[in-house]
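Colleague: One structure coming up, written as structure tokens, with questions to follow.
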Amino acid sequence: MFNVKKLIDASEVLGKEKNIAPDVIREITVSALERAYIRILNGGVKSEDIELPDPKVKVVLDTKKGKADFYQIKTIKKDVEDDMLEIDLEDAQEIMKDKNLKYDDVIEIHDEDIDIDELSKIFIKQFKNAFHQRLNDAEKEVLYETYKDHIGEIVLGEVEKVEERGAGVKVGDHTIYLSRKDMIGDETFTVGQQIKLYLADVSTDKKGSIAVTRSHPGFVKRLFEEEIHEIYDGTIVIKGIARKAGKRSKVAVYSNDPDVDATGSCIGKDGGRINKVVNQLGGNGRDKEKIDIVAYSDNPSLYIIDALRPAEVVGVNIDQDDEDGKEATCIVKDGQYSKAIGLRGINIRLAVMLTGYDLTILEESEAAKEGLKYTTTEELKAQDAVRLEEKKKSEFAKQSLAYKEEKEKEKAAELEKVSANAIASKEESKAKRKKESVTPTTHTSSLEEELAKAKAAASRAEQRAAEHVEIKTTTNILDLEKQLEQEKEAEKKAANKPARRPRKITETEVPHEEKKEDDKPKEEIKKMDIYTAEELREMEEEEKNNEEESFDDEDDVDYDEYDEYYDDEK
């Protein structure tokens, strides 16, 4: 018995577990019912086993009532060739109870003969197969959308199942399979253990799902970024990684800051930093993975020397005649050959992977027998020091030139800005003057009134000024000037003569003129000032000084000369 209500409830629960949206679960359920219905219409035969096309069907699922309605979709044709896809006009009108139907109309015929509660096992099996297939596709799609932007990152998972060939790890709401080849060496896990995984790829193909690993070189790189903050912030850069998971890794590092030692920062005090990384690389296996920190150099010879550590390389000869230029012979001290090669050749293989050079190892004595000429390590370091110094000078020159160009650009931009402001200011002033010069016709009368008032005020001011400066005098200008000249000459003569105390004149000697009572005072005549206030002050000061000198020299005064002077005036 096929219970639609239970089917809908089970689908919703499964959707929540798989983190699939309810509308997607509904679509999957409807699609699976349609596939099962087609199988029934085909008589239980698979679609790929028959040559005819599949019937067109439609299933309407009512989740509230817990029922499903099945429809066949057919086209009205005059000559019916396939009764699964086509129907005669009269039959269509009779079934649909619609006389307005015509040829080429598409109709949906409700299949009232099918009873979902009495469906066969074939239908149920077909539904399950279709449902699970569509569900897997939807799950892959959800996985892809969730993790497509996290490729190359580390994710944290919990071990759910452990097998000989791998382990099932739950990441978020999804279970991911970690194969044995993606593990580190012979490491083992326990159920419930938290482990870190490197997300290598995400796909929606038939295999499905997320590709996770712990053996990828990127896993080591991400661990370094987590444990060494100089790598995380970009001060130190990982230039390359060569790895044999569970055995050995070589990590080439370079410092962008000359004051930061790249290899020392990665190793840490007493190896504290590097040990934190090593402990996460298959720590529960028999063999722990070792890590060599290599100082990266753009000088290939020095790069090769450091990549072959722990072997002590005394010189390198790069084959310049090689077409690819990627072959080099490395000379090590006597007895260092096996160390350069490493256990089962792992050391030299990793050095080749890291540097990209095919390497040949020779001991010093062997190189001497063959007469091989090579550049020693000391010479290479000296040459590289000179090269780095020249490079530093060149970079400084480039920086200086760039700085100069930048300043010139800033200056040009500033001048352009000033010029633009000046032009804008000029245009603004021009527009303002133009605006002021235009008088609106609506204010003509008021402007004329203001102009008339201004003219009247100016006339009154001129009249008051004329009244204020008017002078009444009986002497003309020429007489005044002549009198002024005479007074100046008199002053000069007085200044040249010694001062004399005037004789006291009695009242009897002064003729008096009786003043008549009816005499009226003459009208006071306003005189125009001839001297300025400053000239008058100077004249008073000079007279005061002359008077003091005259009193000081009173004993030397000849009064007869004064008498003669006054007699002459009489």
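Colleague: Hey, for a label at residue 402 modelled as a point 7 Å past Cα toward Cβ, could you say which residues of the stretch 233-275 have their backbone N under 14 Å away?
Modeller: none
Colleague: As a quick test, which of the pairs 16/170; 78/99; 56/77; 161/290; 221/276; 16/65 have an alpha carbon distance above 18 angstrom in this structure?
Modeller: Numbers: 16/170 16 Å; 78/99 16 Å; 56/77 16 Å; 161/290 29 Å; 221/276 13 Å; 16/65 21 Å.
Listed pairs above 18 Å: 161/290; 16/65.
Colleague: What number comes out for the charge environment of residue 411, summing +1 per Lys or Arg and -1 per Asp or Glu over other residues with Cβ under 14 Å away?
Modeller: Charge balance near residue 411 sits at -2.
Colleague: Residue 346 to residue 225: FRET efficiency via 1/(1 + (r/R0)^6), r the Cβ-Cβ distance, R0 22 Å, to the nearest 0.05?
Modeller: On the way: r = 25 Å, r/R0 = 1.14.
The calculated FRET efficiency here is 0.30.
Colleague: So how much accessible area does residue 159 have, in Å² to the nearest 10, using a 1.4 Å probe?
Modeller: Looks like 0 Å² after rounding.
Colleague: Given labels modelled 7 Å from the Cα in the Cβ direction, how far is it in nm from residue 395 to residue 108?
Modeller: 7.1
Colleague: Can you sort 150, 132, 174 by 1.4 Å-probe accessible area, starting with the largest?
Modeller: I get 132, 150, 174, largest accessible area first.
Colleague: Using only the heavy atoms of the protein chains and a 1.4 Å probe, how would 243, 460 rank by accessible area, largest first?
Modeller: 460, 243
Colleague: If you don't mind, another one. Given a Förster distance of 45 angstrom, what is the FRET efficiency for residue 132 paired with residue 276, based on the Cβ-Cβ distance and rounded to 0.05?
Modeller: Efficiency, from the Cβ-Cβ distance: 0.50.
Colleague: Next question. Highest mean first, how do 87-96, 213-222 rank when packing is the count of other Cβ atoms within 10 Å averaged over residues?
Modeller: 213-222, 87-96
Colleague: Could you pull the accessible area for residue 270 with a 1.4 Å probe, rounded to 10 Å²?
Modeller: Taking all protein chains as shown, residue 270 has close to 140 Å².
Colleague: Take every DSSP beta bridge whose two residues both sit in the stretch 189-307, then give the antiparallel share in percent to the nearest 5.
Modeller: 65
Colleague: What net charge is computed for the residues neighbouring residue 294, neighbours being all others with C-beta under 11 Å from the C-beta of residue 294, Lys and Arg scored +1, Asp and Glu -1?
Modeller: +1
Colleague: Local charge sum around residue 191 (other residues, Cβ-Cβ under 10 Å, Lys/Arg +1, Asp/Glu -1)?
Modeller: Around residue 191, the charge tally is -1.
Colleague: Note down the nm distance, to one decimal, between modelled labels 7 Å out along Cα→Cβ at residue 259 and at residue 14.
Modeller: Once both label points are built, they end up 6.4 nm from each other.
Colleague: Could you do me a favour and compute the accessible area per residue for the stretch 222-362, 1.4 Å probe, result in Å²? Could the numbers behind the result be given before it?
Modeller: Working: 7080 Å² over 141 residues.
On a per-residue basis, 50 Å².
Colleague: Could you check the spin-label model distance between residue 459 and residue 298? Points 7 Å from the Cα along Cα→Cβ, value in nm.
Modeller: Output for this residue pair reads 9.4 nm.
Colleague: Grab the beta carbon distance between residue 327 and residue 141, set R0 = 45 Å, and tell me the FRET efficiency rounded to 0.05.
Modeller: Computed FRET efficiency for residue 327 and residue 141: 0.35.
Colleague: To the nearest 10 square angstrom, how much accessible area does residue 39 have with a 1.4 angstrom probe?
Modeller: 50
The values are calculated or read from the model by the stated rules, or taken from the named source; none is laboratory data. As the structure is a prediction and not an experimental result, all values here were calculated from the model. Virtual Cβ from ideal backbone geometry, glycine too; neighbours counted across all protein chains shown. Heads up: the accessible areas ignore ligands, DNA and RNA and are worked out on the full protein's heavy atoms, side chains in. Shrake-Rupley method; radii C 1.70, N 1.55, O 1.52, S 1.80 Å.
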